[in-house]
Amino acid sequence: MSNRKWPLMLRNVLLLALALLFLIPFYISIVYSLKSREEITASGIRFPSVFHWENYSRAMEISNFGHALKNSSIVTLVVTVVLLIVCSMASYIIARNSRNRFYNSVYYVFLAAVLIPFQVIMLPLYINLKDWGLLNTLGGLSLALIAFQIPYNIFVMTGFIKSVPRDLEEAAYIDGAGAYRTFWSVIFPVLKPITSTTFILNALAAWNDFQTSLIVVQKEAVRTLPLTQFYFIGQYSVEVNLAFAAFTLSVIPVLIFYFAAQRYIIGGMMGGAVKG
Amino acid sequence: MKKNLSLLAITAVATASLAGCGSTGNDLSSSPASASSSASEKEVTINIFHHLGEEAKRNGLKAITDMTTEKYPNIKFNIQAIDYNSYNNILKTKIAAGDAPDIVFGNPIAYRDMIKAGQILDLTGESFFQELNPSALDEMTIDGKTYGVPLDIGAMGIYYNKDIFQEQGLQIPTTFSELIKVADALQAQKIIPFAHGFKDSWTAQADFQADWYGNVSKFPDFFDKVQDGSQKFADSPEFKASVERYKKRLSYSSGDDLGTDYAKSVQMFAGGKTAMLIEGDWSISEIRKNNPQGNFGFFALPFSETASDNILGISAGDAFMASAQTKHKDEVLKFFDSMNSAEGAKAWSDHSKTISANKNFTISGADPITSDIFEYIQSSRTYSFGKAYTLTGQMDAIFRKFQETVGLDQSANVDKLISHLDTDISRLLK
Amino acid sequence: MALAKHRIKRELIKLSFLIPAVLFFVVIIVLPFVKGLSYSFTDWDGISESRNFIGFKNYSLLFQDHNLLKPLKNTLFFWVVTLIGTNGIGLMMALAVNGSGRFNRALRTVFFLPFVLSLVLVAFLWTYLYSEILYPYFGVKSLLGNPHTVMWGISIMAIWKDAGYCMVIYLAALQLVPAEYYEAAKVEGAGLFRRFISVTLPMIVPALTANITLLTGWGLKVFDYPMTATGGGPGNASETLAIYVYNYTFPYNQAGYGQAAAIMLLVLVFAITAVVAGLLRRKEVEM
């Protein structure tokens, strides 16, 4: 009996140690964000003796947290909703016409585009957005983020839709429903496992984006959360406690989102990803 | 930390500087003159943009702006501090976005590209310049036009802990081999000679420059010749010797040299954990913040074996320029006025512990470290390198990368790296 | 006639499903791409009004630059190390937490956690992890400051962030393995390792393919990690191809040359991915 239990115990201990390794950084950022500067120097990562909550209020105030939160939320919402509509439609038509040479080649173009390094279009895109008056607007940022996510979304969704039986929509067609109605009332609901996953991945991509934002939204009024925190951390690098408070602040919304939606994230990815 | 995030910002910046400067430059030329008249009584907010990392200097700046507001109640200030490594990028971004701050921190020599793009206001002939030290003023002048207003005179050299030196019976070294003897003696007593904080790689550059900039006094046109292709780094035995000395100094470890940041290295020195720190004058206030009473001094880095060669390389330190995009030229000039007034200059040097660029500066009551630097200036054992180092843009980047690579890689082959440096520079000359 | 009209209408409706996505894609990616391609044949600095056509000169200069070797080596190093590390650790974690139960679910949540953070924050955290934990408590000098270890340091933070993602993909595949397979293998007396090779491995090949392809793309394009953690330094010790491109395009004001380097990077990414995908497909067929 004990013979069999030992390896299991060992496994659990090892796993807990690994889990700890994954959690330590979060511990550090919370501890640092609650200490005074002097205490960080004196006691490093030990648990704080006094909680300096004012680090958070100061970081929030100086970094214009509320405003950035609003900008990030707007962009993330626009990007995820547009992608959901546009990509599910496109993927559906591509998946259902995979023997058509035109749709097939469109698919392969998207597939190849997944590989395009951002640097290849960074400069011309910047110039275009400037010419169109979209620089320093949340609209311009959303537009760019949407376009960059399209190839991956289509790649994953098309794979999933291919596994959805055609009987469903054929029944609807026979009932006389048009293409749009068939799609939205019959197909779209069936796609929920994959759309919820891509929705979440898109939300993470939009929320965490740094590279594109850095180029498109430079003015303070339109900066998103990661950008605001970036500038803040840059300015207050000497004041490590404030920098970590800002860091922790910007992580909190993501964590809330993650824990609220994790059933869909991990579950959804496990369900849909490999088929894609 | 400083360095890390900074470079990311470049993305933005770069982008901006690019497409930005060219186009915004055109519509700028007309604006400043016309806009300035309207704003005499109305409340005006002046945006100041700087990368002063030291809190003492930030307080000094605050004191000057408060002074200005007191005198001209309609002028208010909005001061923005940016991390050193991202500063240029963010600044260029703002300029490109047509969102330039009115007053910009920086030395004109380092911003010749922006001056060329017409982004910096020509201040030639303004009355406040009469209060300034002529050599500091000369450094602000490019092609006969003055673009910057200096606050202080800076230097890079060696901070030392007088108590440790006394306990160990050590003298201020006057030649390089004496410096090495001092370091060895300290190490033998288990005292760390130099505090190294090279996680921020600019700190390693300061170590190199403290040596080489003193050397440059003998070859004032060295960097000009590098740029016209007539001087190769490999052909300068002095340059190679300077690199070798740099590597020698860096070989005295202070622990995790490459994982320690600037702030921590200053803490180590100020806390008495190391005997010396090779840094610029900007560290005085940081040292004092960590140890207001410490018995510290400053001496020029002895690079030569001839004691009299070892002079201190100095340059105009902190300086401000005005953006050509400003709509409040009059108010900006009023700020410069109070900055250069006797009270303004005193407020700055009191806070920052630096040597004021105001020609009426006196040393009485100054920090002992500052007095040590001032003594070099008064006894003319200085060389003004500000105008000698003329590399900008990619050449500057290449030269700085070289300093990092050669210094931080213990196994680096110096000759090979110097020849690569020459190759890289010559590629740009074509 | 009516029939043809009906067909055209049907084709148009089909197209209308596709057009919004294609429009976004063409305007934001394809047009700039073509524009960028044309820059690569010019001497444009990115600022001035004038640019001259100089043919393939940028490309030939590119191949003469000895400074290109370091970024190339770094990029390939990062790709290989993260490919092996992220997949290996992701697979091990998946095997360990494959199962129901609260403990397993909690661990899955923890292991996936870093993936939801932004790259900037991960890099910020790790620069402190290296200097505040590893040296003071374990005496390990920061990997990021040393030119010889900096790429390891950067690879480790990438593995930490992305291993959870690979884990989830492997979990998905593992759940498709019928329990009877294991039972049958057990009855035949196969050990743990043997069971992994003969039962698990063949079943997770699709997941392996997906992960390898994905990590190849991420790895070869790597930009954010070294840019945020070290800025490509010390010196150019952690410069990758994407950073090289970036430096020339922006700070160095050689937009034409930078764009040529970008195109070369694109070709490299496509070529390596094609080779890798080809190899994987052949393996998949064999298994």
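The values are calculated or read from the model by the stated rules, or taken from the named source; none is laboratory data. Quantities reported herein were computed from a predicted structural model and do not represent experimental measurements. Methodologically, a virtual Cβ is constructed for each residue, glycine included, from the backbone with ideal geometry; neighbour enumeration extends over all protein chains shown. Side chains are part of the model used for accessible areas, which takes the heavy atoms of the whole protein and leaves out ligands, DNA and RNA. Shrake-Rupley method; radii C 1.70, N 1.55, O 1.52, S 1.80 Å.
Mind pulling the angle between the C-alpha long axis of helix A:118-131 and the longest principal axis of chain A? Nearest 10 degrees, somewhere in 0 to 90.
80 degrees
Using +1 on the beta carbon of Lys and Arg, -1 on that of Asp and Glu, and nothing else charged, what's the dipole of chain B about the Cα centre, debye to 20?
Value, rounded to 20: 580 debye.
Among the complete DSSP H segments of chain C, which ones combine at least 24 Å of alpha-carbon extent along their axis with a mean Kyte-Doolittle hydropathy of 1.0 or more?
Helices meeting the criterion: C:69-97, C:150-174, C:201-220, C:255-286.
Using only the Cα atoms of the stretch B:176-266, each taken as one equal point scatterer with no solvent, compute I(q) by the Debye sum, divide by I(0), and report log10 of the ratio at q = 0.13, 0.14, 0.17, 0.19 Å⁻¹.
-0.53, -0.61, -0.82, -0.94
Can you send over the carbon and sulfur percentage of the accessible area for the stretch C:59-286, probe radius 1.4 Å, protein chains only?
Heavy-atom surface of the stretch C:59-286 belonging to carbon and sulfur, 1.4 Å probe: 67 percent.
With n ≥ 4 as the cut-off for DSSP H runs, can you work out [θ] at 222 nm for chain C, using -39500 (n - 2.57) per run divided by the number of residues, rounded to the nearest 500? Display every interim value, and only then the final one.
Details: 14 runs with 200 residues, N = 287.
Result for chain C, helices only: -22500 deg cm²/dmol.
What's the longest piece of chain C with no exposed GluC sites (Glu not before Pro), counting a site as exposed if DSSP puts it in a loop and it has at most 12 other beta carbons within 10 Å?
Free of exposed loop sites, the longest segment is C:50-187.
For the interface of chains A and C, what total accessible area is buried with a 1.4 Å probe, rounded to the nearest 100 Å²?
7200 Å²
Could you give the accessible area per residue of the stretch C:43-175, probe 1.4 Å, as a whole number in Å²?
Normalised by residue count, the accessible surface of the stretch C:43-175 is 40 Å².
Restricting to lysines 8 or more places apart or on different chains, can you count the pairs in chain A with Cα atoms under 19 Å from each other?
Working: A:K70/A:K219; A:K130/A:K219; A:K162/A:K192; A:K162/A:K275; A:K192/A:K275.
Lysine pairs meeting the criterion: 5.
Between the chain alone and the structure with every protein chain in place, find the residues of the stretch A:183-221 that drop at least 50 Å² of accessible area; heavy atoms, 1.4 Å probe.
A:N208, A:F210, A:Q211, A:L214, A:Q218, A:K219
Given a 1.4 angstrom probe, what's the average accessible area per residue across chain B, in square angstrom?
Averaged over the residues of chain B, the accessible area is 36 Å².
What percentages make up the Cα-Cα pair-distance distribution of the stretch B:285-430 when the bins are 5 Å wide from 0?
Answer for the stretch B:285-430: a P(r) of 2, 7, 11, 13, 13, 15, 14, 11, 8, 4, 1, 0 percent.
If you project the alpha carbons of the stretch B:90-133 onto the principal axes, what extent comes out on each, in Å, largest first?
Sorted largest first, the three principal extents are 35, 18, 15 Å.
Kirkwood Rh and Cα-based Rg: tell me the resulting Rg over Rh for the stretch B:97-160, rounded to two decimals.
1.02
Compute the Kirkwood hydrodynamic radius of the stretch A:135-230, taking the inverse of the mean of 1/r over all pairs of distinct Cα atoms, and give it in Å to one decimal.
Hydrodynamic radius (Kirkwood, Cα pairs) of the stretch A:135-230 is 15.7 Å.
Could you work out the pair-distance distribution P(r) of the stretch A:64-272 from its alpha-carbon pairs, with 5 angstrom bin width and percents rounded to whole numbers?
1, 7, 13, 15, 16, 15, 12, 9, 5, 3, 2, 1, 0, 0
To two decimal places, what compactness ratio does the stretch A:25-174 give when its Cα radius of gyration is scaled by 2.2 N^0.38 Å?
On the way: Rg = 23.7 Å, N = 150, 2.2 N^0.38 = 14.8 Å.
Scaled against compact globular proteins, the figure is 1.60.
How big is the Rg/Rh ratio for the stretch A:2-43, C-alpha atoms only, Rh by Kirkwood, two decimals?
1.34
Give B:K145/B:K329; C:K70/C:K161; C:K35/C:K57 a once-over and call out the pairs whose C-alpha atoms are over 22 Å from each other.
In this structure, C:K70/C:K161 exceed 22 Å between Cα atoms.
Rolling a 1.4 angstrom probe over the protein heavy atoms, how many square angstrom per residue are accessible across the stretch A:2-43?
63 Å²
Using a 10 Å cut-off on Cβ to Cβ distances, tally the other chain neighbours for every residue of C:223-231 and report the average as a whole number.
Mean partner-chain Cβ count within 10 Å for C:223-231: 6.
Counting protein heavy atoms only and a 1.4 angstrom probe, how many square angstrom of accessible surface do chains B and C bury in total, to the nearest 100?
Approximately 3100 Å², summed over both chains.
Starting from the stretch A:66-132, pick out the trypsin sites (Lys or Arg not before Pro) whose DSSP state is loop and whose Cβ has at most 11 other Cβ atoms within 10 Å. The partial results should precede the final answer.
Details: sites: A:K70, A:R96, A:R99, A:R101, A:K130; in loops: A:R99.
Here the trypsin sites (Lys or Arg not before Pro) that fit, given the DSSP loop and packing criteria, are A:R99.
Run the Debye formula on the Cα coordinates of the stretch C:59-286, all scatterers equal and no solvent, and tell me log10 I(q)/I(0) at q = 0.07, 0.13 1/Å.
Values, matching the q order: -0.29, -0.86.
Give me the one-decimal nm value for the distance between modelled label points at B:S251 and C:I19, 7 Å along each residue's Cα-to-Cβ direction.
Label-label distance for B:S251 and C:I19, simple model: 7.4 nm.
For helix B:176-188, report the angle its Cα long axis makes with the longest principal axis of the Cα atoms of chain B; keep it between 0 and 90° and round to the nearest 10°.
It is inclined by approximately 70 degrees.
Remind me, what semi-axes does the stretch B:183-234 give for its equivalent ellipsoid, largest first in whole Å, using sqrt of 5 times each Cα gyration tensor eigenvalue?
32, 14, 8
Throw me the Rg/Rh for chain B, computed over C-alpha atoms with Kirkwood Rh, two decimals.
Ratio of gyration radius to Kirkwood radius for chain B: 0.96.
Under a straight-distance cross-link criterion of Cα-Cα below 16 Å, which lysines are reachable from B:K359, leaving out those fewer than 8 residues away in the same chain?
Of all the lysines, those that pass the test against B:K359 - Cα under 16 Å, at least 8 places apart if same chain - are B:K346.
Given a Förster radius of 35 Å and the C-beta distance between A:S36 and B:A412 as r, what FRET efficiency does 1/(1 + (r/R0)^6) yield to the nearest 0.05?
Details: r = 40 Å, r/R0 = 1.15.
The formula returns an efficiency of 0.30 here.
For the stretch C:235-267, which residues drop by 40 square angstrom or more in accessible area between the chain on its own and all protein chains together (1.4 Å probe)?
Buried by 40 Å² or more upon assembly, which counts only protein chains, are C:G235, C:Y246, C:F250, C:Y252, C:Q259, C:L266.
What value, in deg cm²/dmol to 500, does the helix sum -39500 (n - 2.57) over DSSP H runs of n ≥ 4 give at 222 nm once divided by the residues of chain B?
Details: 19 runs with 206 residues, N = 430.
Counting only the DSSP helices, I get -14500 deg cm²/dmol.
Quick one: Kirkwood hydrodynamic radius for the protein assembly as shown, alpha-carbon pairs, angstrom, one decimal? Working shown, then result.
Working: mean 1/r = 0.0326 Å⁻¹.
So the Kirkwood estimate lands at 30.6 Å.
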